[in-house]
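A.B. asks: Before anything else, here's the structure in question.
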Amino acid sequence: MDDKLIDVPRGLSGVAVAETTISDVHGREGYYQYGAHSAIELARTASFEEVWHLLVTGRLPSEPELAAFHARVRAAQQSPELGRVIASLVKGAGEASVTPLAGLKAAWPLLSAARGLRPVYDLDENARLADAIELAAAAPVVLAAVFRGAVEPLPLRDDRGLVANYLFQVTGEVPDAVHERALSAYLVAAMDHGFNASTFTARVIASTGADVASCLAGALGALSGPLHGGAPARALDSLDEVGTPERIEPWVREQLAAGRRIMGFGHAVYRTVDPRSALLKEVARGFGGPRVEFALRFEETVERLLAELKPGRALHANVEFYAAVVMELCGLPREMLTPTFAVARTIGWTAHVLEQARDGKIIRPSARYVGPELAA
């Protein structure tokens, strides 16, 4: 029935495949929103937990609701089942090297099995939300424990929120308010961003009625790709490879002449400055220092040369470039940059899983066959 197929752009670019109330990205105007709220303004003013509550329930919490939400998240992070899953992952690895992302991809299904989580198809809204919060709450604890090779994660501090505790569990040092606020701004800004590859993956799996853990593990697999969540560390690699200010321009010209991408520049949606990049550039300037000055000069040179050599394409620094700089300044090691992105994006994934579960229609596109004719 080839005549019924609809031709769409490669990668589904510009194709609306579903309706959502969670977030909207305005690529030409250069802003995006979480519900009725500016995402960038929330990143500047709201806590991680407040925006998490907004995305999964549709509203910012009152003070009593926020306190209850904090307690719910803390209980999930301290559950016996999560402790046993982390211990089994770390002990089972032995001498093998298990990356934090691989550990999290394994932890979610293990936690699902330990808790007896059921397919979203069989659950009501409250039960789906409970599963979503529990699994998202587990992510930072698992990532930090696997990174440190710790059978028992560092104890959560009761006087601090999720962001501060994540920094503490990764680095072993209690962060000050400046570092906590800087990382919080990044995490809030990165929670959701339209139907990117990992979010779409989560929704496709959710449309089958699968359990929340399966949706998250599939989304995480998509995020691990270097063209999606793997860019921040590669952006720092570029800064290190260049090394000195006088090397920036010849290095960039060499990369572009060879047809290589400059990691941290250009975006599939934005046709102007990425508002997330502008926010994190502002955060980075607040830290100051040689690394920030070098990054600023690198950005200026790359954008100037992209405008010269690729005119008309409006290629600017994207979120990954300054996200990498900010996370490094907050004390996160390079191998934890993509996992930290996952801490944020997990919140968006769960929101989309909950929304997709209300639809009841499986996502099942077609492909146009272009292979050989049937053999006689």
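The values are calculated or read from the model by the stated rules, or taken from the named source; none is laboratory data. Because the structure is predicted, anything quoted here is derived from the model rather than measured. Cβ atoms come from the backbone with ideal geometry, glycine included; neighbour counts cover every protein chain shown.
A.B. asks: Need pairs with beta-carbon distance below 7 Å; first residue touching a residue at least 60 places away in the same chain (Cβ under 8 Å) and within the stretch 353-376, second outside any helix (DSSP H, G or I) and surrounded by 10 or more Cβ atoms within 10 Å (Cβ to Cβ); sequence gap 6+ or separate chains.
C.D. replies: Pairs that qualify, where the first residue is touching a residue at least 60 places away in the same chain (Cβ under 8 Å) and the partner is outside any helix (DSSP H, G or I) and surrounded by 10 or more Cβ atoms within 10 Å (Cβ to Cβ), are E355/T20; E355/I22; I362/T208; S366/L5; R368/L5.
A.B. asks: Would you please name the residue that is surrounded by the fewest Cβ atoms within 10 Å (Cβ to Cβ), looking only at residues in the stretch 337-376 that are under 13 Å from the mean Cα position of the chain (by Cα) and of a type in the set (F, W, Y)?
C.D. replies: F341
A.B. asks: Name the residue, out of R203, R181, that is assigned to a helix (DSSP H, G or I), among the basic types (K, R), assigned by TED's automatic domain parsing to the domain that holds A136 and over 16 Å from T338 (Cα atoms).
C.D. replies: Answer to the check: R203.
A.B. asks: Next question. Find the residue count for the stretch 303-336, including only residues that are surrounded by 18 or more Cβ atoms within 10 Å (Cβ to Cβ) and within 18 Å of E173 (Cα to Cα).
C.D. replies: Number of matching residues: 7.
A.B. asks: Being among the basic types (K, R) and either more than 16 Å from the chain's Cα centre (by Cα) or within 18 Å of L156 (Cβ to Cβ) (or both) is the filter here; which residues of the stretch 89-145 pass it?
C.D. replies: Residues of the stretch 89-145 that are among the basic types (K, R), as a first pass: 91, 105, 115, 118, 128.
Residues satisfying the conditions are K91, R115, R118, R128.
A.B. asks: I would also like to ask the following. Just to be sure I understand the filter: pairs with C-beta atoms under 6 Å, separated by 6 or more residues or on different chains, first member in the stretch 19-38 and within 15 Å of R271 (Cα to Cα), second member of a type in the set (A, V, I, L, M) and surrounded by 14 or more Cβ atoms within 10 Å (Cβ to Cβ). Which pairs pass?
C.D. replies: What qualifies is V25/V269; G27/V269; G30/V273; Y32/V25; Y32/A39.
A.B. asks: Just checking, how many residues over the stretch 224-266 are in a helix (DSSP H, G or I) and either among the β-branched types (V, I, T) or in contact with a strand residue (DSSP E or B) (Cβ under 9 Å, 6 or more places away or on another chain) (or both)?
C.D. replies: Taking the stretch 224-266 first, the residues in a helix (DSSP H, G or I) are 231-242, 245-257.
Right, trim to either among the β-branched types (V, I, T) or in contact with a strand residue (DSSP E or B) (Cβ under 9 Å, 6 or more places away or on another chain) (or both) and you get 235, 242, 248, 252.
Residues meeting the conditions: 4.
A.B. asks: For the stretch 252-261, check the following and say yes or no: at least one residue is among the small types (G, A, S), at negative phi and either at pLDDT below 90 or surrounded by 21 or more Cβ atoms within 10 Å (Cβ to Cβ) (or both). I'd like the intermediate steps shown before the answer.
C.D. replies: As a first pass, look at the stretch 252-261 and keep what is among the small types (G, A, S): 257-259.
Filter again for at negative phi, leaving 257-258.
Of the ones still in play, those that are also either at pLDDT below 90 or surrounded by 21 or more Cβ atoms within 10 Å (Cβ to Cβ) (or both) are none.
Scanning the stretch 252-261, I find no residue that is among the small types (G, A, S), at negative phi and either at pLDDT below 90 or surrounded by 21 or more Cβ atoms within 10 Å (Cβ to Cβ) (or both), so the answer is no.
A.B. asks: Suppose the filter is under 21 Å from A344 (Cα atoms) and free of Cβ contacts under 8 Å to residues at least 12 places away in the same chain; does A76 pass it?
C.D. replies: Values: under 21 Å from A344 (Cα atoms): yes; free of Cβ contacts under 8 Å to residues at least 12 places away in the same chain: no.
No: the conditions fail for A76.
A.B. asks: Follow-up. If the Cβ limit is 8 Å and pairs must be 6+ apart or interchain, which residue in the stretch 309-322 that is farther than 18 Å from P226 by Cβ and in the same structural domain as R297 (by TED's automatic domain parsing) pairs with which residue that is in a helix (DSSP H, G or I) and among the β-branched types (V, I, T)?
C.D. replies: Cβ pairs passing all conditions: Y322/V283.
A.B. asks: A further question follows. For the stretch 53-79, how many residues meet the condition of being exposed (fewer than 14 other Cβ atoms within 10 Å of the Cβ), in contact with a helix residue (DSSP H, G or I) (Cβ under 9 Å, 6 or more places away or on another chain) and assigned to a helix (DSSP H, G or I)? Working first, answer last.
C.D. replies: At the first step, the residues of the stretch 53-79 found to be exposed (fewer than 14 other Cβ atoms within 10 Å of the Cβ) are 59, 62-64, 67-68, 71, 75.
Next, from what is left, pick out any that are in contact with a helix residue (DSSP H, G or I) (Cβ under 9 Å, 6 or more places away or on another chain): 59, 75.
Next, from what is left, pick out any that are assigned to a helix (DSSP H, G or I): 75.
Residues meeting the conditions: 1.
A.B. asks: Can you pull out every residue in the stretch 1-41 that is surrounded by 10 or more Cβ atoms within 10 Å (Cβ to Cβ), assigned to a helix (DSSP H, G or I) and not hydrophobic (A, V, I, L, M, F, W, C)?
C.D. replies: E41
A.B. asks: Of all residues in the stretch 326-335 being part of a helix (DSSP H, G or I) and at pLDDT 95 or above, which is farthest from the chain's Cα centre (by Cα)? Give the derivation first.
C.D. replies: Within the stretch 326-335, the first condition is being part of a helix (DSSP H, G or I), and the residues that meet it are 326-329, 334-335.
Applying the additional criterion that residues be at pLDDT 95 or above yields 326-329.
Working: V326: 15, M327: 13, E328: 16, L329: 19 Å.
The residue in question is L329.
A.B. asks: Can you tell me which residue among L162, L236, L223 is buried (at least 20 other Cβ atoms within 10 Å of the Cβ), under 18 Å from T346 (Cα atoms), at pLDDT below 95 and not small (G, A, S)? Break it down into steps so the answer makes sense when it comes.
C.D. replies: On the way: L162 fails: at pLDDT below 95; L236 fails: under 18 Å from T346 (Cα atoms).
Exactly one of L162, L236, L223 is buried (at least 20 other Cβ atoms within 10 Å of the Cβ), under 18 Å from T346 (Cα atoms), at pLDDT below 95 and not small (G, A, S), namely L223.
A.B. asks: Moving on. Restricting to the stretch 108-155, name every residue that is more than 19 Å from G92 (Cβ to Cβ) and touching a Gly at 6+ places or on another chain (Cβ under 9 Å).
C.D. replies: Within the stretch 108-155, P119, V120, Y121, D122, L154 meet the criteria.
A.B. asks: Here's a follow-up. Taking G209, is it within 19 Å of V319 (Cβ to Cβ), small (G, A, S) and not in a helix (DSSP H, G or I)?
C.D. replies: Numbers: within 19 Å of V319 (Cβ to Cβ): no; small (G, A, S): yes; not in a helix (DSSP H, G or I): yes.
No, not satisfied.
A.B. asks: Can we say V292 is in contact with a helix residue (DSSP H, G or I) (Cβ under 7 Å, 6 or more places away or on another chain), in a helix (DSSP H, G or I) and either modelled with pLDDT under 95 or buried (at least 21 other Cβ atoms within 10 Å of the Cβ) (or both)?
C.D. replies: Working: in contact with a helix residue (DSSP H, G or I) (Cβ under 7 Å, 6 or more places away or on another chain): yes; in a helix (DSSP H, G or I): yes; either modelled with pLDDT under 95 or buried (at least 21 other Cβ atoms within 10 Å of the Cβ) (or both): no.
Spelling it out, it is not the case that V292 is in contact with a helix residue (DSSP H, G or I) (Cβ under 7 Å, 6 or more places away or on another chain), in a helix (DSSP H, G or I) and either modelled with pLDDT under 95 or buried (at least 21 other Cβ atoms within 10 Å of the Cβ) (or both).
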